[in-house]
Structure formats: structure tokens, C-alpha cells
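Only one structure is covered here, and it is reproduced in the block below.
The values are calculated or read from the model by the stated rules, or taken from the named source; none is laboratory data. Predicted model, so just to flag it, every value in this text is computed and none were measured. Here the Cβ positions follow ideal geometry from the backbone for every residue, glycine too, while neighbour counts run over all protein chains shown. Just the protein is used for accessible areas: all its heavy atoms, side chains included, with ligands, DNA and RNA removed. Shrake-Rupley method; radii C 1.70, N 1.55, O 1.52, S 1.80 Å.
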Amino acid sequence: SQQGEEDPQALSIQEGENATMNCSYKTSINNLQWYRQNSGRGLVHLILIRSNEREKHSGRLRVTLDTSKKSSSLLITASRAADTASYFCATDAFQFYFGTGTSLTVIP
Amino acid sequence: GAGVSQSPRYKVAKRGQDVALRCDPISGHVSLFWYQQALGQGPEFLTYFQNEAQLDKSGLPSDRFFAERPEGSVSTLKIQRTQQEDSAVYLCASSLVVLAGDNEQFFGPGTRLTVL
């Protein structure tokens, strides 16, 4: 079973726009991580946010975490065509539980 | 090597055949994970090793699935008597330390298994 659920399932935007993806989860966590997957490739780690953090930045990425709502959001600013990929949130237990992913398409 | 490697990258098997999928983790990584990813879905946890010890195999879908990591480095995922529902991408990931949630997992490119 998958604990994380991303929303929306698919998102299409123009290059330069911001993209926001959301993730909801079910149980208490120690941290939440976001990963990216290009078509036919493995997953690449983007950012980790701990349960005692509310916001974290890394380059064009901004992640928020609301443990009271059991939700997280990933914002990609000034999107590029190369950002086209699927994005997954993963919550920790002893192993990772991944959501179903948001498929992002950035149109040049 | 520089990253996690998996072989073969693609495998086509006839229903009923046995297959073996290999994962070479990053040297020195203690933890190793196997995931199954169906088309359009996120990865689903299969099993976890800490060095050579298989600490969690709760995600293995049936007793046809078997994984091993005998020397604490390379791991093999074996699927016996493959069925069509086994068709998926099998991802391997490794992590430097013991606890999965506290560290980044480094993923291999996956093996795409197609069972005819």
C-alpha cells in the first residue's frame, strides 16, 4: 500500500511558470522526501524536510510541511522544460512509502 | 562505481520462467532496498537489507519472490514461475546508513520486466 498521495495527478504549465504539487499522507512521520523520476529512469532525491520543519528551500525548489494536516507541497519556481518528469513524495517508516506521483509537463 | 547499477535493464520472460535481477549498490552503502513500480504508479516497497541481513520482506507479493545479499553488497531479486502480473519495473536503491527515513536513497535505473 502507498501512504503518500500526490495531487494533482497531472500538471501541464508553460515554461517560466511556477508548478505546485501537493502530497498527503496518513500516519505520523519523522521526515518527508520529494523525488523526481524522468521517464524510464530511476528516482532522484530532491529534498528532505523533517517533521519539526515547516519550510525548506533548495534552489528553485520550495517545500512546505504541515504535520497537523499531514500534507506537504513542492513548489518549483520559474519552471524549465527540463523539469518535465514525475514527482513523488515519500514518507519514512522503516522503509519508504511512495505516493502515486504527479506528472509534470513543462511546455517550452 | 559512481551510482547504483542494475542488470539487465530489460528482461522479457515467458510465463512460468524464473528470472534473476541484479543490483550493485554504491560501495559502502549499508542499506539496500528493492521496489516494484507498475506502470503509472509509484514504487512499492518489496524488501530491505542491512548489510547481508534481510530485515524486512513484508512487501514481497508472494513466495515466488526471493531476494538475497549474501556478502552485504550485490543483491539479487529472484522471481520464480513468473506471471503476467509480475510485469513491472524493479528498482533497487541503496542508502549510506541504517535507517531508511533519515537518509537519501540512491536509486538505480531499474529493470523493466515483461512477462508474456
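Remarks
- Any chance B:A38 is out of contact with any Leu (no Cβ under 8 Å at 6 or more places or on another chain) and within 19 Å of B:N103 (Cβ to Cβ): no
- Considering residues of segment A:16-40 that are exposed (fewer than 15 other Cβ atoms within 10 Å of the Cβ) and within 14 Å of chain B (Cβ to nearest Cβ) only, the residue modelled with the highest pLDDT: A:N38
- Qualifying residue in segment A:84-95 (condition: more than 14 Å from every other protein chain (Cβ to nearest Cβ) and either open to solvent by 10 Å² or more (accessible area, probe 1.4 Å) or not polar (S, T, N, Q) (or both)): yes
- Enumerated strands (runs of 3 or more DSSP E) restricted to segment B:5-116, each holding at least 1 residues that are within 13 Å of chain A (Cβ to nearest Cβ), in contact with a strand residue (DSSP E or B) (Cβ under 8 Å, 6 or more places away or on another chain) and open to solvent by 70 Å² or more (accessible area, probe 1.4 Å): B:10-13, B:53-56, B:111-115
- Filtered residues of segment B:27-49 (kept if over 14 Å from the mean Cα position of the chain (by Cα) and over 26 Å from A:Y87 (Cβ atoms)): B:S27, B:G28, B:V30
- Applying the criterion of at least 2 residues that are without any contact (Cβ under 8 Å) to a residue 12 or more places away in the chain and touching a Ser or Thr at 6+ places or on another chain (Cβ under 9 Å) to the strands (runs of 3 or more DSSP E) found wholly in segment A:29-108 leaves A:55-58.
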